[in-house]
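Just so it is clear, none of the values below were taken in a lab; they were calculated from the coordinates. These numbers were taken from a predicted model, which means no experiment stands behind them. Quick reminder, even Gly has a Cβ in these numbers, built from the backbone with ideal geometry, and neighbours come from all protein chains shown.
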Amino acid sequence: MLTLTDQNTITWFPACHTEDVPANGGVCVKYGETQIALFHFARRGEWYATQNECPHRMQMALSRGMIGTQQDEPKVACPFHKKTFSLATGECLTGDECSIKTYPVKVEEGKIFIGIV
């Protein structure tokens, strides 16, 4: 969860337009050399951003993962290894100790912005 101090240090960059991301799917966007997976969870009316690299085998694949829920927790499953991660917290939901980085997302006038702290 972001604190007020974090909110003041966020750099928001324009990632893409809303129509660039498939409903209930994801895309990969770059910020410098960083790959970020951006997801439109249309069924819930929510947007999420995480690192694109799956920590299990260090493959840039999460943006192509399947999204869904686990006990109402929004999640993404790596398309290769089926490890699942919370889109909200980055916690691994399959019992592994690895986790992924998450980023704040905001939508303004049809544009998607991702926050970098």
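Looking at segment 27-89, the GluC sites (Glu not before Pro) that sit in a DSSP loop and have at most 11 other Cβ atoms within 10 Å of their own Cβ are Glu33. Once the Cβ-Cβ distance of Thr18 and Glu97 is raised to the sixth power relative to R0 = 41 Å, the FRET efficiency obtained is 0.70.
Other residues whose C-beta falls under 13 angstrom from the C-beta of Cys78 contribute a net charge of +3, scoring Lys and Arg +1 and Asp and Glu -1.
Residues Ser99, Ser63, arranged from fewest to most other Cβ atoms within 10 angstrom of their Cβ, appear as Ser99, Ser63.
In the chain, Cα pairs under 8 Å separated by at least six residues give a relative contact order of 26 percent. Relative to the current alpha-carbon distance between Ile10 and Tyr31, full extension at 0.36 nm per residue lengthens the span by 6.2 nm. Highest GNM mean-square fluctuation among Val107, Val27, Val76, for the chain modelled with Cα contacts below 10 Å: Val107.
Taking only Cα atoms and a 10 Å spring cutoff, compute GNM fluctuations for the chain and point out the largest among Leu38, Leu62, Leu93. Comparing Leu38, Leu62, Leu93 in the GNM, the peak value goes to Leu93. Taking Cys98, Cys78, Cys28 as the candidate residues, the one with maximal mean-square fluctuation in a Gaussian network model of the chain, Cα springs under 10 Å, is Cys98.
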